[in-house]
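What follows is a single structure, written as structure tokens, with notes after it.
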Number of protein chains: 2
Amino acid sequence: MDIPVIRDVLEETNARAAENRELFDKHGVFVVNIMSSPGSGKTTLLSKTIPLLQKRGLKCAVIEGDITSTLDSERLRPLGIPVVQANTEPFGGDCHVGSHLVQAALKHFDLAAIDVLFIENIGNLVCPAEFYLGEDRKAVVLSITEGEDKPLKYPLMFRECKACVLSKMDLAPHLDVNIESFKENIRKTNGNMDIFPVSSKTGEGIEKWVEWLLKKG
Amino acid sequence: MDIPVIRDVLEETNARAAENRELFDKHGVFVVNIMSSPGSGKTTLLSKTIPLLQKRGLKCAVIEGDITSTLDSERLRPLGIPVVQANTEPFGGDCHVGSHLVQAALKHFDLAAIDVLFIENIGNLVCPAEFYLGEDRKAVVLSITEGEDKPLKYPLMFRECKACVLSKMDLAPHLDVNIESFKENIRKTNGNMDIFPVSSKTGEGIEKWVEWLLKKG
């Protein structure tokens with residue numbers, strides 16, 4: 001008697017991710033998976049980033065990953081772009097956005113009318129780093145309020161991402177932090193990381209981050 | 001042919017937690033499981049809390065949960081108390097402190113010489129809320145830099161905890177946040193939550209939080 005064994009939990013999730021990737025390729029959608037701790041400013045960053053992409057004629061859309069609530073989707077409503085709230089609660093309150101959840105969300109978009117799709121992951125600096133969703137790039141937002149040691153304590157996230165947005169730079173004068181130490185610890189973990197100090201409040205650094213998004217390859 | 005089925009993944013973890021609890025009871029150790037997002041100030045809070053407990057003649061100890069690194073344990077070194085760094089990396093880089101990890105850490109303590117044991121969980125507002133470690137109480141630290149919506153977006157954590165420390169209160173003048181909204185959203189999620197606005201920098205609120213720790217039952 002053969003007992004079927006799921007060899008690799010990741011096999012199933014990677015199969016869904018590959019299907020997502022196929023759809024993105026078919027429709028020429030560039031996909032960025034944005035991850036971070038809770039409250040680092042992912043949604044605010046998107047609300048400042050997307051208008052600059054729109055100015056350049058790019059059509060944007062967002063999958064808002066959360067365990068529950070539609071709070072973040074509502075915050076993006078003024079942008080007038082397609083937004084799908086993808087809650088993990090019906091899937092068991094998962095701690096990360098899974099490729100099956102992205103697949104379910106994609107059914108609600110007209111992909112042919114989208115150039116750039118952001119997946120705003122669940123606020124969690126650990127688990128989301130483990131899962132490929134079919135995206136082109138992963139980026140991590142690290143609020144400078146969280147402290148310089150985070151890249152050393154949560155290395156997988158910083159190894160998996162190609163860019164790190166250092167957010168809430170406007171608070172630097174009020175914090176006992178050293179921006180150079182953030183950069184050093186990020187580079188110790190991932191020597192190839194592109195780092196963007198940004199303040200969504202003052203607009204500092206947003207243009208450079210947008211340039212990175214536009215840079216192909 | 002009988003195929004053994006693990007009915008409940010939690011069965012195993014709860015069995016270890018019960019063993020931990022038995023040890024705590026045997027030695028009269030009061031145990032607090034401290035959870036939060038990365039960088040909310042758990043370690044700094046402990047470094048301010050423990051001296052006030054020591055002043056009252058209480059012997060403290062800490063289990064420092066992290067995925068990797070001994071950075072937080074080193075920060076507690078000046079307190080001169082027993083600290084065990086419990087890294088999940090050898091256990092697969094788990095996103096939470098498990099009861100088996102606490103059990104392994106307990107072997108390094110002289111429990112008869114400890115009154116209060118803090119378990120500083122991994123920085124993660126999602127997964128640690130799901131696991132009982134044998135502790136007396138769970139508390140969540142929420143930095144006001146993270147925004148007022150967090151209790152609504154991460155409800156399990158706020159439902160599981162008995163107290164919420166609102167940390168980094170000294171930053172309030174520099175943030176667009178409303179402290180009353182934090183309290184409202186916490187109470188919407190858990191009507192019985194004790195809330196402590198605290199600044200580890202200025203010392204604001206630490207005494208009240210310590211009183212709560214001392215309050216039995």
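Quick note: the coordinates plus some simple rules give every number you see, no bench work behind them. Computed from a predicted structure; not experimentally measured. All Cβ positions, glycine included, derive from the backbone under ideal geometry; neighbour counts span all protein chains shown.
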Cβ-based exposure ranking for B:Leu171, B:Leu45, B:Leu214, in which fewest neighbours within 10 Å come first: B:Leu214, B:Leu171, B:Leu45
Sequence of B:Ser73, B:Ser181 once ranked by neighbouring C-beta atoms within 10 Å, starting from the fewest: B:Ser181, B:Ser73
Residue-averaged 222 nm ellipticity for the protein assembly as shown, from DSSP H runs of 4+ at -39500 (n - 2.57), nearest 500: -10500 deg cm²/dmol
Simple spin-label estimate for A:Leu58 and B:Arg77 in nanometres, 7 Å along Cα-Cβ: 4.6
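How about region A:18-93: which trypsin sites (Lys or Arg not before Pro) there are in a DSSP loop, with at most 14 other Cβ atoms within 10 Å of their Cβ?
Values: sites: A:Arg21, A:Lys26, A:Lys42, A:Lys48, A:Lys55, A:Arg56, A:Lys59, A:Arg75; in loops: A:Arg56, A:Lys59.
Sites meeting the loop and neighbour criteria: A:Arg56.
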Cβ-vector label at 7 Å, A:Arg187, separations to other copies in nm: 5.0
For region A:163-217: relative contact order, % (alpha-carbon pairs under 8 angstrom, 6 or more apart): 44
Using alpha-carbon coordinates, inclination of helix B:179-189 to the longest axis of chain B, degrees: 40
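Which of rounded, prolate, oblate describes region B:11-214, given a ≥ b ≥ c as roots of the alpha-carbon gyration tensor eigenvalues and a/c under 1.5 marking rounded, otherwise prolate only if a/b is larger than b/c?
Working: a/c = 1.64, a/b = 1.36, b/c = 1.21.
It comes out prolate by the Cα gyration axes.
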Filtered GluC sites (Glu not before Pro), region B:148-214: DSSP coil and at most 15 other beta carbons within 10 Å: B:Glu204
Leading residue at positive end of dipole, the protein assembly as shown (Cβ point charges), from A:Ala18, B:Leu101, A:Ser40: A:Ser40
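Relative contact order, percent, of region B:1-117 when contacts are C-alpha pairs under 8 Å separated by at least 6 residues?
Reported relative contact order: 34 percent.
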Choice from B:Pro90, B:Pro151, B:Pro128 showing the highest fluctuation, given a GNM over chain B with Cα pairs closer than 10 Å: B:Pro90
Size of electric dipole in region A:111-217: Cβ of Lys, Arg +1 and of Asp, Glu -1, about Cα centre, debye, nearest 20: 240
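Nothing charged except the Cβ atoms of Lys and Arg (+1) and of Asp and Glu (-1): what's the magnitude of the dipole of the protein assembly as shown about its Cα centre? Round to the nearest 20 debye. Intermediate values should be presented prior to the final figure.
Numbers: 52 positive and 62 negative charges, 206 e Å.
Charge dipole, the protein assembly as shown, about its Cα centre: 980 debye, nearest 20.
Under a point-charge model restricted to the Cβ atoms of Lys and Arg (+1) and Asp and Glu (-1), what is the dipole moment magnitude of region B:11-214 relative to its Cα centre, in debye to the nearest 20?
On the way: 23 positive and 29 negative charges, 96 e Å.
I would put it at about 460 debye.
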Shortest-first nm distances, A:Pro51 label point to equivalent points in other copies (7 Å, Cα→Cβ): 4.6
Pseudo-label separations to other copies for B:Lys208 - Cα-to-Cβ vector, 7 Å, nm: 4.1
Average Cα contact separation per residue, chain B, under 8 Å, 6 or more apart, as relative contact order %: 24
